[in-house]
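Before any comments, here is the structure.
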Amino acid sequence: MLLCRLHPAREVQQRMHTQLQQLGSTTEQNAALLQHCAAYDPQGAATRLEALLHAVRSDVLTRREAVALISEQPELLELDFGAVHEDEQLLLVHKPFQVRMSAPSRPAGADSPDEPSLHEWLVGTHPSVMTAAGTTRVCHNLDYATSGVVACAKSEGAAREVGRLFEARKARKLYAALVFGHPAWEERNISARIAVTARKFRQSVTKASSGKAARTTATVAARGRLVLPPHRGKEASLLWLTPHTGRRHQLRLHMAHIGHPIVGDVTYGADRRSYRMFLHAAALELPSAGLLGQGRAGADGGADGGADGGGSGCADDAWVRGVAPLAPRGWHNAFTPSEPLRSPAFWPGAVGELLGSGSQGALKGIRAADR
């Protein structure tokens, strides 16, 4: 499901033409860039272009850098929301990269574009997850730069239950990450503590006992090389990441800590040249037993999730499950493996389901691995 088309196609095309002219592209470049834009949802591409223009006006990018970014990495223009699972209690959706959970309030007269947000999309397409107060029951957070599955609830009871499942570490999560370098290991557990602070955006790893415990399991899917123009030919690896705790920026910090920062991570990897951060919440499963009977009646409300991980006594078929394949084309636009792609042991069908058409699977085994 794509962003709502709020403008006629011709008007949006004209808007993109004007935006490209403002970026300083030549007539020849303009025609080529418009062809790139045509491959994506027009309203979404126009929104991405507006964000690029704002970055240029704010001196974050030069005009030349912005034009080169679109020319060499047109996937930047994609802005594709979608529902990946829906039942009477829950809606699991896909959040695109570089999209906020909710748009920040803007001071009057502020020179900044209207930002797309998950909240805005849900209000326009899935009113069943809205409260009477106009908020949406989004049950946990996903970083602005990260794409992937997010759980939303259709009732206060369901929202509370999802929050409880996250807090009790009964949610199963699997992330995919593209990292720099070739790990010397096939699987590794990272337990570096994190000095959590709400005062700063950037978090840090610490040896102090005051740091919060954090644990991540990283499994190599394949080693290979990047094909992204700014990093073409550099060694990189596709990893499966399972967070067993839910600290802010945990996966990004842990990957940087072990010497394999995530491609596109500006904060912890100093990579400002990739069009996105290649971290994706590929799958989420929640035990359905506690959600049964959580009717849609009751007062409106919401809940925030806590930690991630596994640990439930439910049978493998008693799960609410949402899967968001890696896009576009299983990240083949960014990475070429030099060895066969491998699924994690707990999900034999992951490669087929997340990187291309293939078998359906389930996140079997995370429960045991997390004990």
| said: Could you derive backbone 3J(HN,Hα) for the range 181-193 from the dihedral phi with the Karplus parameters 6.51, -1.76 and 1.60 (θ = phi - 60°), listing whole Hz in sequence and x where the residue is Gly or Pro? | reply: x, 10, x, 7, 10, 9, 9, 8, 9, 10, 10, 5, 6
| said: Could you work out the percent of alpha carbon pairs in the range 138-287 separated by over 22 Å, rounded to a whole number? | reply: 42
| query | Once you put a point 7 Å from the Cα of His332 and another 7 Å from the Cα of His54, both along the Cβ direction, what distance in nm separates them? | reply | 3.4
| query | Under 19 Å from the 7 Å Cα→Cβ point of Thr26, by amide nitrogen: which residues of the range 53-79? | reply | 63-73
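Laboratory data are not the source of any read-out in this text; all were calculated from the coordinates shown. Nothing here was measured: the structure is a model prediction, and the numbers come from that model. Here Cβ is always computed from backbone atoms with ideal geometry, including for glycine, and neighbour counts include all displayed protein chains.
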